[in-house]
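The block underneath contains the structure these notes are about, expressed in structure tokens.
The values are calculated or read from the model by the stated rules, or taken from the named source; none is laboratory data. Everything numeric in this text was worked out from a predicted model, so none of it was measured. No Cβ is skipped: glycine too gets one built from the backbone with ideal geometry, and neighbour counts run over all protein chains shown. Each accessible area value is taken on the protein alone, full model and side chains, heavy atoms only, with ligands, DNA and RNA left out. Shrake-Rupley method; radii C 1.70, N 1.55, O 1.52, S 1.80 Å.
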Amino acid sequence: MFDWNGTLFDDLNLMYLSASNIFHHYKVPAPSLEEFRNEVTANFMEFYYAHGIPKTESLDDLVDIHRAYIKNRLFEPQLHHNAKELLWHCKRSNIYAAVVSAENRQILKQRLEHYGLMSRLHNWRGGAFNKKAAFREMLDIFQCEPREAFYVDDIASGILDAKGLGIATFGVTHGYNSTNRIAAAKPDYLVNSLGEVIEILNKEMP
């Protein structure tokens, strides 16, 4: 299983610019990119509230601002290097591959189609804010035990959710969270690139 934003899809800069735009909208100083990478979690509302966005503002309020900002920028970012190769490796090796993302379902579908990834996936889930529930759903779909699965993410909270279910984890350092933040989650494998994931899979599942 794979996270999307920041993991397979290199949209860190776009998401940071969108976050800065949200702070600008509320006339609140935007945190630095370093602060963003050290603090943001899957529950990103905590990050916004901690940096001064009024708690009267809801998730829907911020999502509306975000979607308006990225509306004409959906396909500006590119896939991370070796993203397609990694999914193709899974398909060749008879490994079920699924994307599990908090990304809006419609936007995720558009992006997966645009970048030619649908044929390399067995399943996908957007709007998966509850990662643990989404992981359990995928395990049921694939009739797979947690010990038979792995999960790749660039955010510490997702890694911790997967570890809590007994799923092997890869923490990639090229995404939303800093290397120190990812390392602190103690993934089974700490990697700097998706190419390293392929190398490890080749060793573990020749």
Helices (runs of 4 or more DSSP H) contained entirely in the stretch 150-206, each with at least 1 residues that are charged (D, E, K, R) and at pLDDT below 95: 194-204
Every residue from the stretch 86-121 that is of a type outside the set (Phe, Trp, Tyr), surrounded by 14 or more Cβ atoms within 10 Å (Cβ to Cβ) and assigned to a loop (DSSP other than H, G, I, E, B): 95, 97, 101, 102, 103, 104, 117, 121
Looking only at the stretch 60-82, and only at residues there that are touching a residue at least 12 places away in the same chain (Cβ under 8 Å) and among the polar types (S, T, N, Q), the one that is farthest from residue 191 (Cα to Cα): 78
Selection within the stretch 105-149 - without any contact (Cβ under 8 Å) to a residue 12 or more places away in the chain and under 15 Å from the mean Cα position of the chain (by Cα): 130
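I need the full set of residues from the stretch 122-134 which are open to solvent by less than 20 Å² (accessible area, probe 1.4 Å) and of a type outside the set (Lys, Arg), in order please.
Correct list: 126, 128, 134.
Report yes if residue 80 is more than 28 Å from residue 149 (Cβ to Cβ), in contact with a helix residue (DSSP H, G or I) (Cβ under 8 Å, 6 or more places away or on another chain) and not basic (Lys, Arg), otherwise no.
No, not satisfied.
Say we look at the stretch 135-149 and pick out the residues that are part of a loop (DSSP other than H, G, I, E, B) and not aliphatic (A, V, I, L, M); which of these is surrounded by the most Cβ atoms within 10 Å (Cβ to Cβ)?
By that ranking, first place goes to 142.
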Selection count, the stretch 14-43, where residues are within 14 Å of residue 154 (Cα to Cα) and either in a helix (DSSP H, G or I) or more than 14 Å from the chain's Cα centre (by Cα) (or both): 5
Scan of the stretch 79-134 for residues that are within 27 Å of residue 62 (Cα to Cα) and among the basic types (Lys, Arg), ordered by number: 105, 109, 111, 125, 131, 132
Residues satisfying the stated conditions in the stretch 37-85, i.e. open to solvent by less than 60 Å² (accessible area, probe 1.4 Å) and aromatic (Phe, Trp, Tyr): 44, 47, 48, 69
Residue 89 being of a type outside the set (A, V, I, L, M), out of contact with any strand residue (DSSP E or B) (no Cβ under 8 Å at 6 or more places or on another chain) and closer than 14 Å to residue 2 by Cα: yes
